[in-house]
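In what follows, a single structure is set out as structure tokens and then discussed.
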Amino acid sequence: MKDSRRFVIQGIFILVGIVYLVRLFYLQVVDDNYKSQADDNAIRRVIVYPHRGQILDRNGKLIVINESVYDISVIPKKAKIDDTLSFCNTMGVTRQYFDSVMTIATRSKYARGRPTVFLKQLSVNEFAHIQDRLINYPGFFYTSRAVRKYPQPTLANALGYIGEISEKRLENQNYYRQGDYIGISGVESYYEEQLRGQRGVRYVMVNVNGVEKGAFKEGTFDTSAVAGENLISSIDLDLQRYADSLMTNKIGSIVAIEPSTGEILTMVSAPSYDPNLLVGRLFGKNFSELQKNPYLPMYNRPIQAVYRPGSIFKLVQSLVALEEGVIDPQSQFACIKVPMKCHSHPSGHNDLHNAIEWSCNPYFYNVYRRIIYAQSSGNNWRDAPIGLMEWNKHVKTFGFGTRLDVDMPNVKRGFIPDTAIYNRSYGKSRWQFSNFYSVSIGEGELNVVPIQMANLAAIMANRGYYYTPHLIKRIGKNGTPLPQYQEKHHTSIKPEHFQTVVDGMEDAVKRGTVWSKARIPDIVMCGKTGTSQNKKGEKDHSVFVAFAPKDNPKIALAVYVENAGFGGFAAAPIASLIVEKYLKGHVDRTLLEKDFKLRNYMPKPKIDPKALKKDSTGSKPKPSLPGFPKPDTSKQTKPIIVSNRAKSPTEKN
């Protein structure tokens with residue numbers, strides 16, 4: 001009995017021993033969890049960020065390059081600081097900043113073992129100041145990355161900027177991690193996948209204090225970073241800078257296109273800002289100031305500002321009417337018995353050519369009326385919706401009322417009226433031509449964006465077709481043109497209808513509504529002026545579209561200057577200077593050039609009454625635009641108007 005009890009007890013001890021041995025074998029041989037934790041203490045996985053692709057102009061000049069910066073990170077669990085004040089002085093931070101970051105870094109017991117960024121984007125000089133001292137602070141280490149640098153302070157709105165990825169964008173993707181940078185707007189966002197490259201990884205040995213001791217296994221497991229693709233843009237950097245200078249102290253946009261390819265030669269959004277402001281540790285401060293600026297420098301006007309086209313839209317009305325057969329080039333209309341006056345030329349306008357040359361409002365009132373009532377049955381209530389939708393169908397083939405697939409995000413589509421808007425306003429079968437006749441001269445419910453205006457100029461230059469406007473010619477040094485921008489888009493208008501309209505545009509510049517000083521003596525430029533209604537501002541908005549030369553055109557453009565008055569006296573001279581600069585490489589009309597570089601059309605910004613009360617000095621707050629000249633507003637009295645929706649049918653040209 002005693003022997004059997006002894007065997008049972010021995011069996012139990014043996015069984016327990018076996019269990020322990022099996023568990024020990026599992027932990028040491030099978031389960032690598034502890035090994036991984038030990039490796040984490042000895043091996044550090046360091047992300048190697050690739051250089052983002054550079055952006056060049058059409059002639060190979062650098063527009064966007066990269067500059068190395070350094071992030072300082074901390075692992076709280078390993079951090080050891082004997083003298084906090086001395087550490088803060090070394091790092092160039094306040095004690096409050098130090099406490100704030102370390103509190104975030106240690107917000108949970110799990111966070112204490114993970115790295116947290118302590119300082120972001122130190123420049124080479126800033127990093128050199130602390131690099132040798134970093135070894136004295138266990139738990140702190142650096143990571144190198146590249147940020148954007150702009151050799152020329154231009155094209156900020158078109159290029160866009162990069163910033164830290166948001167929590168929302170981190171969801172449902174596998175590439176980015178918290179703290180990574182990504183294109184937020186403009187070209188930087190549209191071509192993010194091509195520009196970002198591919199991250200690499202290196203493994204380094206570190207001691208218990210976190211100090212690097214060399215590559216792990218001589219870099220056997222390291223992977224190299226792959227730089228992003230360079231983008232070759234269509235921008236002519238010299239022309240871009242020149243256009244910028246002409247738009248100093250002005251609000252508006254310039255878009256110039258090469259008609260034969262759709263390549264954008266210059267894209268100005270005015271006022272703008274120095275893109276270098278949104279790089280580095282001052283990003284947040286500068287971004288906030290730019291957003292609060294009353295002149296909206298971050299607003300990308302060429303693709304986002306929605307305006308009425310004014311009289312430049314008479315070109316479209318002419319072509320639709322010719323295509324529909326409701327007029328021919330010799331059609332005549334008397335300048336009487338219409339609700340809008342003829343104010344341009346006392347001799348009257350006997351045909352379509354002269355009506356375009358002098359931008360006759362009554363003529364195009366009658367043209368549009370014939371388009372709307374082309375299928376006349378004697379019942380205006382029934383005929384107007386039919387005619388409107390036929391007109392709408394033609395107009396959309398010009399790229400209006402639809403979103404042009406420009407290679408930038410957030411491109412606006414504008415608006416071309418259809419039956420739905422008038423059915424909502426007046427009721428079905430309760431409206432006719434008299435309810436929307438102001439559309440005939442580019443007013444009323446019409447809305448377009450400047451890129452669409454420039455595209456119209458390219459269509460006129462090509463006599464009926466266009467390539468989608470785009471900023472990037474190719475990706476990579478040996479890349480081919482992007483296929484989506486090689487497709488030719490035809491309007492619904494036959495090519496033979498364009499000649500009369502183009503001849504009228506030529507004479508509009510030679511002897512019509514364009515100011516004589518805006519004419520280029522040795523270049524045949526075809527253009528059309530417009531003056532878009534501005535009920536809220538001091539003056540109407542100045543509009544001009546043009547292309548040159550008349551035969552085999554090299555450039556087509558649209559200029560829109562807010563609060564500048566007649567199209568022929570503000571937008572047209574600016575456009576002519578750009579055409580001369582591009583085609584000749586220089587400008588002979590230096591007095592006109594100097595005049596428009598100095599002209600100031602900036603309205604006085606709105607002042608928040610609450611801000612006035614908070615100003616202890618009693619003086620009015622002044623608009624501030626970091627990195628951009630402050631406009632002279634001493635003689636301006638009206639508030640800024642970015643977009644205009646006035647519905648008056650009368651218009652100046």
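Here D405 fulfils each of the conditions (1) free of Cβ contacts under 8 Å to residues at least 40 places away in the same chain; (2) in a loop (DSSP other than H, G, I, E, B) apart from (1).
Do the conditions hold for V93, that is, is it free of Cβ contacts under 8 Å to residues at least 40 places away in the same chain, assigned to a loop (DSSP other than H, G, I, E, B) and under 37 Å from the mean Cα position of the chain (by Cα)? Against the criterion (free of Cβ contacts under 8 Å to residues at least 40 places away in the same chain, assigned to a loop (DSSP other than H, G, I, E, B) and under 37 Å from the mean Cα position of the chain (by Cα)), V93 qualifies. Scanning segment 155-186 for residues that are outside any strand (DSSP E or B), open to solvent by less than 10 Å² (accessible area, probe 1.4 Å), in contact with a strand residue (DSSP E or B) (Cβ under 9 Å, 6 or more places away or on another chain) and of a type outside the set (A, V, I, L, M, F, W, C) gives G160, D180. Taken as a whole, the condition of being without any contact (Cβ under 8 Å) to a residue 60 or more places away in the chain and touching a His at 6+ places or on another chain (Cβ under 8 Å) does not apply to G504. Might you let me know whether segment 270-280 holds any residue that is free of Cβ contacts under 8 Å to residues at least 40 places away in the same chain and farther than 20 Å from S189 by Cα? Yes - at least one qualifying residue is present in segment 270-280. Being in contact with a helix residue (DSSP H, G or I) (Cβ under 8 Å, 6 or more places away or on another chain), open to solvent by 10 Å² or more (accessible area, probe 1.4 Å) and part of a helix (DSSP H, G or I) is the requirement here; does D588 meet it? No; evaluated as a whole, the condition is false for this residue. Free of Cβ contacts under 8 Å to residues at least 40 places away in the same chain, part of a loop (DSSP other than H, G, I, E, B) and among the charged types (D, E, K, R) - does that describe any residue in segment 522-533? Yes, the conditions are met somewhere in segment 522-533. State whether the residues of segment 615-633 include one that is closer than 23 Å to R241 by Cα, modelled with pLDDT of 95 or more and of a type in the set (F, W, Y). No, segment 615-633 has no match at all.
Among residues of segment 583-610 that are over 15 Å from A572 (Cα atoms), those with a Cβ under 7 angstrom from a residue that is loosely packed, with under 12 Cβ neighbours inside 10 Å and at pLDDT below 85, sequence gap 6+ or separate chain, pair up as N600/D632; K604/T637; I607/K620.
Checked against (1) hydrophobic (A, V, I, L, M, F, W, C); (2) buried (at least 17 other Cβ atoms within 10 Å of the Cβ); (3) more than 15 Å from G262 (Cβ to Cβ), I421 passes all but a single condition, namely (2). Of all the residues in segment 382-402, those that are of a type outside the set (G, A, S) and part of a loop (DSSP other than H, G, I, E, B) number 4. Would you pick out the residues in segment 467-514 that are surrounded by 15 or more Cβ atoms within 10 Å (Cβ to Cβ), at pLDDT below 95 and part of a loop (DSSP other than H, G, I, E, B)? Within segment 467-514, G479, G512, T513 meet the criteria.
Given the criteria in contact with a strand residue (DSSP E or B) (Cβ under 8 Å, 6 or more places away or on another chain) and open to solvent by 10 Å² or more (accessible area, probe 1.4 Å), does T402 qualify? For T402, the condition - in contact with a strand residue (DSSP E or B) (Cβ under 8 Å, 6 or more places away or on another chain) and open to solvent by 10 Å² or more (accessible area, probe 1.4 Å) - is not met.
Which residues, counting only those in segment 37-64, are assigned to a strand (DSSP E or B), modelled with pLDDT under 95 and open to solvent by less than 50 Å² (accessible area, probe 1.4 Å)? Don't jump to the end; show me each part of the working.
Filtering segment 37-64 down to residues assigned to a strand (DSSP E or B) leaves 43-48, 55-56, 62-64.
Of the ones still in play, those that are also modelled with pLDDT under 95 are 43-48.
Those that are assigned to a strand (DSSP E or B), modelled with pLDDT under 95 and open to solvent by less than 50 Å² (accessible area, probe 1.4 Å): I43, R44, V46, I47, V48.
Could you please give the count of residues in segment 338-357 that are at pLDDT 75 or above and open to solvent by 50 Å² or more (accessible area, probe 1.4 Å)? Going through segment 338-357 one residue at a time, the tally reaches 3. Regarding A334, is this residue touching a residue at least 12 places away in the same chain (Cβ under 8 Å) and more than 40 Å from the chain's Cα centre (by Cα)? Answer is yes for this residue.
Might you check whether a residue that is open to solvent by 10 Å² or more (accessible area, probe 1.4 Å), of a type in the set (A, V, I, L, M, F, W, C) and within 33 Å of the chain's Cα centre (by Cα) occurs anywhere in segment 453-461? Within segment 453-461 (the criterion being open to solvent by 10 Å² or more (accessible area, probe 1.4 Å), of a type in the set (A, V, I, L, M, F, W, C) and within 33 Å of the chain's Cα centre (by Cα)), the answer is no, since none of the residues qualifies.
The values are calculated or read from the model by the stated rules, or taken from the named source; none is laboratory data. From a predicted model like this one, the values you see are computed outputs, not experimental measurements. Cβ atoms come from the backbone with ideal geometry, glycine included; neighbour counts cover every protein chain shown. Just so you know, the surface numbers come from the protein's heavy atoms only, side chains and all, with ligands and any DNA or RNA stripped out. Shrake-Rupley method; radii C 1.70, N 1.55, O 1.52, S 1.80 Å.
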